[in-house]
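Report on the structure given below.
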Protein chains: 4
Amino acid sequence: MRDAVIQREEEETNSTPAPQDQRPAGGERRRGRGRRPQAEVRADILLAAGRLLFQDGMAAFTIEGVAARAGASKTTIYKWWDSKGALALDGYFHAVEETLAFPDSGNVIDDLRTQLRAFVHLVTKTAAGKVIAELVGAAQTDPVLADALHRLYSGPRLALAVEAMKRAKARGQLRADLDAEAVVDQLWGACYHRLLLTGLPLTEQFVDQLLRNLTVGIERD
Amino acid sequence: MRDAVIQREEEETNSTPAPQDQRPAGGERRRGRGRRPQAEVRADILLAAGRLLFQDGMAAFTIEGVAARAGASKTTIYKWWDSKGALALDGYFHAVEETLAFPDSGNVIDDLRTQLRAFVHLVTKTAAGKVIAELVGAAQTDPVLADALHRLYSGPRLALAVEAMKRAKARGQLRADLDAEAVVDQLWGACYHRLLLTGLPLTEQFVDQLLRNLTVGIERD
Amino acid sequence: MRDAVIQREEEETNSTPAPQDQRPAGGERRRGRGRRPQAEVRADILLAAGRLLFQDGMAAFTIEGVAARAGASKTTIYKWWDSKGALALDGYFHAVEETLAFPDSGNVIDDLRTQLRAFVHLVTKTAAGKVIAELVGAAQTDPVLADALHRLYSGPRLALAVEAMKRAKARGQLRADLDAEAVVDQLWGACYHRLLLTGLPLTEQFVDQLLRNLTVGIERD
Amino acid sequence: MRDAVIQREEEETNSTPAPQDQRPAGGERRRGRGRRPQAEVRADILLAAGRLLFQDGMAAFTIEGVAARAGASKTTIYKWWDSKGALALDGYFHAVEETLAFPDSGNVIDDLRTQLRAFVHLVTKTAAGKVIAELVGAAQTDPVLADALHRLYSGPRLALAVEAMKRAKARGQLRADLDAEAVVDQLWGACYHRLLLTGLPLTEQFVDQLLRNLTVGIERD
DNA sequence: GACTAAACGAGACGGTACGTCACGTCTTGGG
DNA sequence: CCCAAGACGTGACGTACCGTCTCGTTTAGTC
């Protein structure tokens with residue numbers, strides 16, 4: 001249950017166990033003005049946000065547009081999300097539901113390869129690639145989004161890789177004085193470089209080369 | 001003299017040889033409406049664009065704002081620049097005047113280190129870092145800016161590194177089957193990763209680690 | 001005890017004899033949500049309405065503002081008052097408590113003078129003048145307020161003057177064919193004209209002139 | 001040519017003689033965004049404002065509504081009119097085009113009667129009555145409108161009556177010590193009293209009584 | 001003395017309108 | 001001819017209240 005991750009802290013401690021996201025089961029007419037259950041409204045908003053984000057992109061992502069598509073009011077959106085970027089990121093999460101597992105096979109190079117390939121697949125084979133690029137782009141001028149992005153997206157993902165490498169160091173697989181963060185920069189950062197800047201192809205072969213450069217080295221024997 | 005690099009292809013072949021950037025030599029008051037020399041107007045606009053960009057950032061970078069500060073009219077700006085991003089990038093170039101030399105010392109690792117350090121210095125010790133990040137960010141939703149950025153900024157810079165590595169391969173310093181572009185991604189991309197995403201410190205030691213990881217390798221001997 | 005005069009016809013026949021307006025005698029803290037005695041809530045609301053009306057004027061008079069100041073909820077207000085204007089008028093009455101006596105001295109001219117002077121005093125020397133003007137103004141676009149204003153404010157006051165003049169006609173002091181309502185228009189209406197439209201000074205001398213014009217006449221002898 | 005009387009002072013001194021208000025003669029399509037001639041836009045706005053005011057009243061008079069009906073933008077309206085009330089009043093003037101003559105027959109009583117009857121006719125037999133009442137009402141909470149109303153509407157009208165009475169005093173028809181302003185209050189103010197407050201009928205007989213009360217007097221002979 | 005029903009506060013909800021800002025297009029008038 | 005000046009329609013911004021509607025709490029009246 002990861003719903004509305006970025007919104008302001010709120011009474012998430014409601015006693016109701018988990019009847020979330022279920023509409024009144026009948027599709028009857030909206031009754032107009034009064035209050036609607038929070039969960040329902042939020043789900044509508046996030047759904048609309050995700051759709052708008054994936055269909056038309058960040059440039060066309062508008063709070064008014066989300067409100068209109070969600071059948072919600074702008075006031076409601078502003079009440080729960082600080083900025084356009086926060087809403088967009090939340091809409092992204094609601095739409096994608098990525099998994100965050102980082103299985104440990106004992107061979108850290110293989111595990112890094114697996115994760116990188118998954119990332120490359122997400123970014124090139126699904127619509128998420130463009131969206132992620134636009135979110136990272138928007139974060140450059142939206143501190144709220146930048147913070148949320150680091151805290152909820154890139155942070156956890158990269159932390160997993162760092163921890164895997166630390167475990168590998170502990171079992172003697174990697175250099176003891178290795179800076180794991182720098183390696184992450186040289187793997188994921190390389191992919192982001194192609195996604196955000198050069199536009200060069202992001203393939204599995206590219207991933208293999210990245211790893212090979214860091215293991216075999218780039219110099220001639 | 002690189003002026004208005006991104007502007008629409010236009011009469012660059014105007015007869016005036018190069019009397020650019022010189023104001024009417026007298027500092028007299030703006031005389032109001034009528035026509036002014038192109039070069040003078042453009043210089044004003046680019047100067048204003050650069051200042052606005054570096055002072056208030058891309059979020060506050062507005063065509064109207066540039067026009068007001070430049071004492072120019074919006075019409076004139078729209079005549080020469082396709083998009084806000086194009087004007088911003090041109091303003092950046094006009095303000096920074098980076099050099100593009102890539103000296104070849106014979107040792108490609110040292111040369112890469114020199115270039116990377118220069119890049120890190122630009123990005124962390126001057127105001128250009130924030131601006132570059134914002135330009136890259138804006139490019140994610142502005143195709144015109146994205147194209148110009150690749151064509152005029154990242155492209156040439158990275159091409160120099162690629163060529164240097166190709167020369168090193170030719171003289172046997174680097175692996176023959178090395179993909180130079182991937183190495184660039186693992187060096188510059190790693191830096192951009194910290195600049196755009198993680199916010200981790202960008203230092204000379206970081207640069208050294210990047211190169212060490214690619215030469216010594218990350219695995220335990 | 002005229003409380004909530006304009007509210008919708010409601011169980012005014014509640015058994016509680018008259019424990020109105022007395023707070024729980026202890027000044028303890030608001031106890032939050034649950035049910036409170038009607039009389040207490042209404043008194044709070046009317047007090048807040050009156051204060052808001054006299055302090056900030058009709059333009060800033062807001063149901064939400066009254067609710068917030070009264071520590072009441074909007075629901076409760078909507079339950080008892082039809083419109084913003086009705087609440088405002090009720091708040092005015094609760095704050096002012098004008099007396100409605102029209103003593104009969106035997107000389108109707110003197111009695112009219114006394115009443116007019118009292119009205120002019122109220123309107124120019126107290127804050128009620130501005131409020132009355134704003135209420136009359138709001139009534140032009142709020143039929144509920146217009147009706148309440150006629151029924152509860154201007155109606156009774158003017159009726160007293162009309163009756164006094166009818167008594168004077170009966171005892172031969174005024175012309176038998178005199179239209180008392182028209183005289184009222186020429187006295188009170190003249191004052192309202194200055195209050196609402198021209199802004200000219202409203203003084204006791206002005207009142208005297210009004211009466212003199214109607215007794216001595218305006219023409220040269 | 002009384003156009004846009006309340007708008008901010010502007011270059012009304014344009015040389016073009018008077019080709020105002022004429023649309024491009026062909027009813028061709030709006031060409032969308034760019035600039036339209038000022039006169040045309042203003043005429044559209046005032047026309048729409050007047051229609052909206054007379055059809056739906058001041059309560060429904062909205063800047064957005066006027067903009068929509070006029071095919072204009074809110075920005076344009078805000079550029080020229082300070083407040084909603086100023087726009088409404090201007091719309092009223094544009095729609096009504098009252099005449100302001102005050103002929104002098106030599107008998108001031110007859111002249112006042114004529115003017116009052118005209119005013120009563122305007123207020124009771126045309127839609128302007130309701131509109132005037134609403135404008136006066138709105139002026140109670142809109143200082144801009146109040147000022148404009150005094151300056152452009154009531155002021156000039158009442159000044160004419162005052163001057164007529166001063167001329168009558170000069171030729172010995174009225175009391176030398178008469179306060180003409182007070183008489184105006186007792187005539188026009190009486191009518192406004194019925195219009196704004198009591199709702200009693202405004203007829204020619206009422207006008208006659210007002211004048212009779214001021215000439216014959218209200219007391220028994 | 002416990003239970004129920006009513007009325008409360010709190011405030012979320014869909015709306016409407018506000019007044020502002022920047023966009024990109026257009027017309028006008030001056031040098 | 002080309003420029004400045006800036007008005008224009010468009011559309012989104014973020015805010016303020018509207019009047020309607022849950023929701024959970026508290027009290028008063030009934031059993």
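Would you mind stating whether residue C:198 is within 17 Å of residue D:179 (Cα to Cα) and touching a residue at least 24 places away in the same chain (Cβ under 8 Å)?
It is false that residue C:198 is within 17 Å of residue D:179 (Cα to Cα) and touching a residue at least 24 places away in the same chain (Cβ under 8 Å).
Which members of the stretch B:192-210 meet the condition of being out of contact with any helix residue (DSSP H, G or I) (no Cβ under 6 Å at 6 or more places or on another chain) and more than 8 Å from chain A (Cβ to nearest Cβ)?
Passing the criteria: B:201, B:203, B:205, B:208.
Only one of (1) within 21 Å of residue D:199 (Cβ to Cβ); (2) of a type in the set (Phe, Trp, Tyr); (3) within 16 Å of DNA strand E (Cβ to nearest atom) is not met by residue C:80, so which one is it?
Residue C:80 satisfies all of (1) within 21 Å of residue D:199 (Cβ to Cβ); (2) of a type in the set (Phe, Trp, Tyr); (3) within 16 Å of DNA strand E (Cβ to nearest atom) except (1).
Only residues that are free of Cβ contacts under 8 Å to residues at least 60 places away in the same chain, of a type outside the set (Asp, Glu) and within 12 Å of DNA strand E (Cβ to nearest atom): list them for the stretch D:45-60, please.
Residues satisfying the conditions are D:49, D:52, D:60.
Hey, residue D:32 hits all of (1) modelled with pLDDT of 95 or more; (2) at positive phi but one; which does it fall short on?
(1)
Would you mention how many residues in the stretch C:29-83 are among the aromatic types (Phe, Trp, Tyr), within 9 Å of DNA strand F (Cβ to nearest atom) and within 19 Å of residue C:152 (Cβ to Cβ)?
Total meeting the criteria: 1.
Based on what the data block shows, is residue A:71 more than 30 Å from residue A:170 (Cβ to Cβ) and surrounded by 14 or more Cβ atoms within 10 Å (Cβ to Cβ)?
no
Can you tell me how many residues in the stretch D:43-57 are of a type in the set (D, E, K, R) and under 16 Å from residue D:128 (Cβ atoms)?
2
Filtering the stretch B:84-119 down to residues that are among the acidic types (Asp, Glu) and part of a helix (DSSP H, G or I), which residue is farthest from residue B:153 (Cα to Cα)?
B:110
What helices (runs of 4 or more DSSP H) lie completely within the stretch D:120-185 and have 2 or more residues being buried (at least 18 other Cβ atoms within 10 Å of the Cβ) and at the interface with another protein chain (Cβ under 8 Å from one of its Cβ atoms)?
D:128-139
Write out, first by first residue and then by second, each pair whose Cβ atoms fall under 7 Å of each other, whose residues are 6+ apart or on separate chains, and whose first residue, in the stretch B:141-162, is under 13 Å from residue B:181 (Cα atoms) while the second is hydrophobic (A, V, I, L, M, F, W, C) and part of a helix (DSSP H, G or I).
Between residues of the stretch B:141-162 that are under 13 Å from residue B:181 (Cα atoms) and residues that are hydrophobic (A, V, I, L, M, F, W, C) and part of a helix (DSSP H, G or I), the close pairs are B:154/A:197; B:158/B:184; B:158/B:188; B:161/B:112; B:161/B:184; B:162/B:180; B:162/B:184.
How many residues are polar (S, T, N, Q) and surrounded by fewer than 17 Cβ atoms within 10 Å (Cβ to Cβ) if we restrict to the stretch A:196-216?
Of the residues in the stretch A:196-216, 3 are polar (S, T, N, Q) and surrounded by fewer than 17 Cβ atoms within 10 Å (Cβ to Cβ).
If you check residue A:90 against the conditions, is it within 16 Å of DNA strand F (Cβ to nearest atom) and either in contact (Cβ under 8 Å) with a residue 12 or more places away in the chain or away from chain B (no Cβ under 11 Å) (or both)?
So residue A:90 fits the description; yes.
Just wondering, is there one or more residues in the stretch C:96-117 that are over 20 Å from residue C:184 (Cβ atoms), within 13 Å of the chain's Cα centre (by Cα) and either surrounded by fewer than 16 Cβ atoms within 10 Å (Cβ to Cβ) or more than 16 Å from DNA strand E (Cβ to nearest atom) (or both)?
The answer is yes, given that some residue of the stretch C:96-117 is over 20 Å from residue C:184 (Cβ atoms), within 13 Å of the chain's Cα centre (by Cα) and either surrounded by fewer than 16 Cβ atoms within 10 Å (Cβ to Cβ) or more than 16 Å from DNA strand E (Cβ to nearest atom) (or both).
From the residues in the stretch D:61-75 that are touching a residue at least 24 places away in the same chain (Cβ under 8 Å) and near DNA strand E (Cβ under 9 Å from one of its atoms), which one is farthest from residue D:41 (Cα to Cα)?
The selected residue is D:61.
The values are calculated or read from the model by the stated rules, or taken from the named source; none is laboratory data. Note that this is a predicted model, so its numbers are computed, not measured. Here Cβ is always computed from backbone atoms with ideal geometry, including for glycine, and neighbour counts include all displayed protein chains.
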